Amino acid sequence: MQTLLLGPDDVADYANLPAVIDAVSAAFAADARGDTIMPAKSYIDLPEYNGDFRSMPAYVHAGEWDAAAVKWVNVHPDNPTDHDLPTVLGTLIYSDPETAFPLSVMDGTVLTRLRTGAAAAVATDHLAVPDADSLGLVGAGTQSYTQLEAIATVRDIETVVIADRDPEKQQAFVDHFSGRFEVRAGSIAEAAGCDVLSTITPVESPIVERSWLGDRTHVNAIGADAAGKHEHDDQTLLDAKLVIDDYEQCTHSGEINVPWSAGVLSDADLYGELGPIVAGDLDGRTPEDGLTVFDSTGLAIQDVAAAHVAYEGARAAGAGTDFELVGTDRT
C-alpha cells in the first residue's frame, strides 16, 4: 500500500472550501453526538526559540465517513523576520481508523487556514442574522482572505471593511477582492459595525470596544489561541450570546481565557458549544437575540474533516504523490 503525499498546492486544489465547511459542520455534529475522540491539545513550549509545538489528534465518525488524524503544528513568531518562514507550519498524518495505515501525509498549514475559515462559516450560519450582508475583518493576514471566502458561502456578503495597522496589507486585501465585493479599508470601529465581524489578531489587550459593535452583530473571535491572548472588551463577552467551540480549550486559551482566569466570566455566562447547535440540540440565533460571539480556538476534529475532503478529492483526481512510508511486510 502507498501513502499519498499532498503538498500545500494539492491541499488548496482539492480541499474545496464549501465541501470543507460541510465536513467541519458534520464533525461538530458528530462531536455533539459523542461520535468523536479528541484528546486535549498538548503543548511543547520552547522559550529559548520563542515558540512552541502543539499536537492535535482526533477521530471522527461523521456517519457517511470516519477518519483519524494527528496534526503537528507550531507557533514561532520570529520566523518571518529571522528565518523567512511562516509563523505557523503544520504537518498532518491522515490514517485509516480500521487498519491504522497512514493514507496520507499532507501540508497542515493550508489545511489549518481552511478549517479555521470553515468553522467561522458554520458559526456564522447558525448565529448571524439571516440577512447579514456586511462583513468586518480585523487583521489583514492570510486568514482574513479565507474568512471572507468562507463566510460568503453562508451569507450574501456585499460590503467588506478590512482593518489592519499595516496599510499595505489593507490595500492588498482590497485589491484582491475589489472585483467581487464592495470592499474598503477602514478603522476597527468601522469593521465592528458590520453585520458579521471576524477578528484575527494575536493581541493580548482588547482592541475592539463594546460600543463599536452593532446591536445584532455576530462576532467570530479567531485570534486568541494561547493563554493571555484577548481581542475583545470583557463587556462584549458579558453582553453576548456566547458560544464556544470547546470548553477546555476556550477556558485555557480562547478569547474568554483572560476574563475567565480573572473571574469576570463563569459557566453562567456561556450559552453553550457550537456542536449541539449544529446538531439541533440547542438553538442558534433566535429572533430575540442581539449580539452573538463565537470563541474559536480550532479543534482537531476540524483538521480531520478538512483532511478527509483533501484526501478524497486528491485520490479521485489522481493527484498527489504516492510513496512507501511504512513497512507492511508481515514476515
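The values are calculated or read from the model by the stated rules, or taken from the named source; none is laboratory data. Computed from a predicted model, the values in this text were never measured in an experiment. Neighbour counts are summed over all protein chains in view; Cβ atoms, including those assigned to glycine, are modelled from backbone coordinates with ideal geometry. For the accessible areas, the whole protein counts, side chains as well, though only heavy atoms, and no ligand, DNA or RNA atoms are used. Shrake-Rupley method; radii C 1.70, N 1.55, O 1.52, S 1.80 Å.
Conditions (1) assigned to a loop (DSSP other than H, G, I, E, B); (2) under 15 Å from residue 159 (Cα atoms); (3) open to solvent by 70 Å² or more (accessible area, probe 1.4 Å), marked per residue:
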| site | (1), (2), (3) |
| --- | --- |
| 171 | no, no, yes |
| 180 | yes, yes, yes |
| 203 | yes, no, no |
| 227 | yes, no, no |
| 250 | no, no, no |
Regarding residue 115, is this residue basic (Lys, Arg), assigned to a strand (DSSP E or B), touching a residue at least 12 places away in the same chain (Cβ under 8 Å) and within 14 Å of residue 300 (Cβ to Cβ)? no
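Can residue 255 be described as acidic (Asp, Glu) and either open to solvent by 10 Å² or more (accessible area, probe 1.4 Å) or not in a loop (DSSP other than H, G, I, E, B) (or both)?
no
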Every residue in region 263-277 that is open to solvent by 30 Å² or more (accessible area, probe 1.4 Å) and either charged (D, E, K, R) or not in a loop (DSSP other than H, G, I, E, B) (or both), please. 267, 268, 269, 273, 276
Restricting region 1-15 to residues that are outside any loop (DSSP other than H, G, I, E, B), farther than 16 Å from residue 69 by Cα and touching a residue at least 24 places away in the same chain (Cβ under 8 Å), which is most open to solvent (accessible area, probe 1.4 Å)? 13
If you check residue 22 against the conditions, is it surrounded by fewer than 19 Cβ atoms within 10 Å (Cβ to Cβ), under 16 Å from the mean Cα position of the chain (by Cα), within 24 Å of residue 150 (Cβ to Cβ) and among the charged types (D, E, K, R)? yes
Can you name the residue in region 45-95 that is touching a residue at least 12 places away in the same chain (Cβ under 8 Å), among the aliphatic types (A, V, I, L, M) and not in a strand (DSSP E or B) and is also most open to solvent (accessible area, probe 1.4 Å) among such residues? 89
Which of the following residues is touching a residue at least 40 places away in the same chain (Cβ under 8 Å), surrounded by fewer than 16 Cβ atoms within 10 Å (Cβ to Cβ), among the charged types (D, E, K, R) and not in a loop (DSSP other than H, G, I, E, B): 149, 190? 190
Answer from 224, 240 - the residue that is of a type in the set (Gly, Ala, Ser) and within 27 Å of residue 87 (Cα to Cα): 224
Residue pairs, Cβ under 7 Å, 6 or more apart or interchain, first in region 118-141 and without any contact (Cβ under 8 Å) to a residue 60 or more places away in the chain, second part of a strand (DSSP E or B). List them. 140/162
Filter region 312-331 for residues that are open to solvent by less than 70 Å² (accessible area, probe 1.4 Å) and more than 29 Å from the chain's Cα centre (by Cα); which is farthest from residue 10 (Cα to Cα)? 326
